[in-house]
1. Residue-wise, which Karplus ³J(HN,Hα) couplings in Hz belong to segment B:318-330, taking 6.51 cos²θ - 1.76 cosθ + 1.60, θ = phi - 60°, and x for glycine or proline?
2. Let me spell out the model: positive unit charges on the Cβ of Lys and Arg, negative unit charges on the Cβ of Asp and Glu, origin at the Cα centre of the protein assembly as shown. What dipole size does that give, in debye rounded to 20?
3. So how far, in whole Å, is the C-alpha centre of segment B:173-211 from the one of segment A:117-186?
4. Calculated FRET efficiency, B:LYS60 and B:PHE14, Cβ-Cβ r, R0 22 Å, to nearest 0.05?
5. How far apart, in nm, are two points set 7 Å out from the Cα along the Cα-to-Cβ line at A:ASP123 and at A:VAL138?
6. Which of the residue pairs A:LYS186/B:LYS8; A:LYS178/B:LYS129; B:LYS249/B:LYS290; B:LYS102/B:LYS154; A:LYS190/B:LYS28; B:LYS237/B:LYS291 have a Cα-Cα distance greater than 27 Å in the structure shown?
7. Hey, got the dipole for segment B:3-231? About the Cα centre, +1 on K and R Cβ, -1 on D and E Cβ, debye to the nearest 20?
8. Can you tell me the 0 to 90 degree angle between the C-alpha axis of helix B:137-149 and the longest principal axis of chain B, rounded to 10?
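The values are calculated or read from the model by the stated rules, or taken from the named source; none is laboratory data. A quick note: this is a predicted structure, and the numbers were derived from the prediction, not measured. Cβ coordinates were reconstructed from backbone atoms using ideal geometry, including for glycine residues, and neighbour counts include every protein chain displayed. SASA here: full protein model, heavy atoms, side chains in, ligands and nucleic acids out. Shrake-Rupley method; radii C 1.70, N 1.55, O 1.52, S 1.80 Å.
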Amino acid sequence: MSKRKENLLGIAMVMPSFISLLILVIWPVMISIKESFMNGEGQFSFENYIYVFTEPMMLNNIKHTVVVTLISCIIVLFISYFIAIYLRFTSSKIANFIRKTYFIPMFVPGIIAIYGFINTYRDNGWIARLIGQENLPVLMYDIKGVVMMNMWFNIPFTTMLLVSALSAIPDSVIESAKDVGATKLKIFWKFIFPLSYKTMLVATTFLFMGIVGSFTAPFLVDSNAPQMLGVSMQQHFSVYHEFGQASSIAVIMFIMSAGIGYLYIHSMMKEEK
Amino acid sequence: MDIQLDVKNLTHVFKTGEGIRDINFQIKQGELLTLLGPSGCGKTTILRSVGGFIQNQQGKIIVGQEDITSLSPEKRPTAMVFQSYNLWPHMTVFDNLAFSMKLKKMSKDHINERVQWALRLIRLENTAKKYPSELSGGQQQRIALARALLLNPKVLLLDEPFSALDAKLRYELREELREIQSKENLTMLFVTHDQEEALSISDRIIVMNKGDIEQMDSPRSIYNEPNTLFVAKFIGKMNFIEIPIADHKASIGNNMYHFSHTNSSKLTAAIRPEDITIQEGKGDWLASIKKIMILGHYAEVTLETEDGILKTFVEKRKLESLHVHDQVSILLQDVRFFEGNDWIKYIKKEELPTCITV
Ligand SMILES: Nc1ncnc2c1ncn2[C@@H]1O[C@H](COP(=O)(O)OP(=O)(O)OP(=O)(O)O)[C@@H](O)[C@H]1O
Ligand SMILES: [Mg+2]
């Protein structure tokens, strides 16, 4: 086969997937981006972006999104890393029990988990009835509720990632560190952390992207104002029918995720060198 | 000479019932003692006990004058080279070597000097900036050895450090280790399941079986005078023949061996291939040649006798007069008898009047 024919064959083989990608993803994305730069009369304008970045409600929403995402990420990472370390270095009955059960939340359909959560924690739910309504802090329709929901959804998977990273550290690495005189604290900072932080980065990326664009949990559990951007976008789209504004919110969410994605790839490339 | 390591009544039985039971041994200053035995016999368990990675159920471990039984690994004056994955993958060779000294807050100059010294000793001066993944397996194991040496351990523990390497490299590193050991006058406890490795580098060998010590002796005694059938089977090549015993007497060919007392009706005779000589004329025993296999400058000859099959080695020069199916007479220099697993000494060897000639 000539070089040319080979090239053509190669192109022909990737065509089907490329075309479906084009029709299902790239094209709608392009349209949204275009729409975000158009005013009501269909002319080019920055109107939608000016709205998003000047309207106090929208600014609050952006701030709220960032705050919820960061708090959730930090709490989830912290708890997951703690569980993973515990599971890696303990072999008690309790540890074995946790090892077998910690990922169960992943098998519970999200919507069921959310309604279960609402029934348990709302101001006249199970807990309130048990300990008295006045003793239960406000969790529902509040930032605390969303963060708790994000923990439920994200801790199992993040823990799984970190457990596998930590179990990839051979015992002899840690034992030889002990052998040369390293204390527990030194072992953590000089060995365990450096050998698992790459996976932490991967986990952070997944977490951030997942939480920034989340919809169901914030829609059902979060306060009405401020809202997270996913909820706000949906409202602009199907309640206010402001397609341009909805599109510009989508673009902003995309840029946030892309930014984190860039940081991730950048740090990975630096490691490679 | 001074006793550097003293292990007393060491016992550690795992939940599975396997482990080590009542282990006792001592290593002198500057001595290389090898733990030898098949896989799963407890070698690593002993080594890890001495290193402090296992909290023993019973026993005492004394280094020099100090009882270290209850010390944690980081406080013990021992250093260990592990069976595999020795180096810290996220640190350069320099950092791997310097880490312990940084912990002790030594000066930069001193650390540099010591690292250079260690790298020269293992002849890898140019690797300081490399990461472990950029080194070959043999180089990594040498760095691991250097890292252990830099701790100035009172006892150096090595757990099959070369088992993952190919035969030639293993041979070279073995030589190198022995050289470093005698140069630095190191006290070493070395673990291997390779009997050739054990015989070639050790001052003394402990042969282990299922958590017990079978024999502790110099390589020469272990080879020439195995105390148990297990050791005889495990070390070197050996012919085994079952022979009946009657009236405290057993015969091989026209040799009659007398024993002071025996309990069983059968003994196992163990004969090294090199203790069998094929000759013309008068001999101890009659045999026919079954097979001749050339193995370079010598050949392995398989002989069939009325009591069983024997193998021996014959030099190339002497091979010309031998042919398959030939009847030959053989001479036995040394025979060792075992009753069950235990060596049993004969008190008298008597030549029977029936003369064997070919
Ligand atoms: N942590 C453990 N828990 C339960 N059993 C163990 C444990 N470690 C070792 N054993 C058992 O104890 C026995 C001795 O193990 P050990 O590692 O000392 O063998 P070894 O002589 O070093 O073998 P190898 O040559 O294969 O390294 C084995 O039968 C093993 O199955
Ligand atoms: Mg072992």
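1. 7, 6, 4, 7, 9, 9, 4, 6, 4, 8, 9, 10, 10
2. On the way: 64 positive and 62 negative charges, 217 e Å.
With only Lys, Arg, Asp and Glu charged at Cβ, the dipole is about 1040 debye.
3. Each part's Cα centre sits 50 Å from the other's.
4. That pair, B:LYS60 with B:PHE14, gives E of 0.65.
5. A separation of 0.7 nm, rounded to one decimal place.
6. Numbers: A:LYS186/B:LYS8 33 Å; A:LYS178/B:LYS129 24 Å; B:LYS249/B:LYS290 29 Å; B:LYS102/B:LYS154 20 Å; A:LYS190/B:LYS28 36 Å; B:LYS237/B:LYS291 17 Å.
Table pairs above 27 Å Cα-Cα are A:LYS186/B:LYS8; B:LYS249/B:LYS290; A:LYS190/B:LYS28.
7. Working: 29 positive and 28 negative charges, 161 e Å.
Result for segment B:3-231 is approximately 780 debye, rounded to the nearest 20.
8. Approximately 70 degrees, to the nearest 10.
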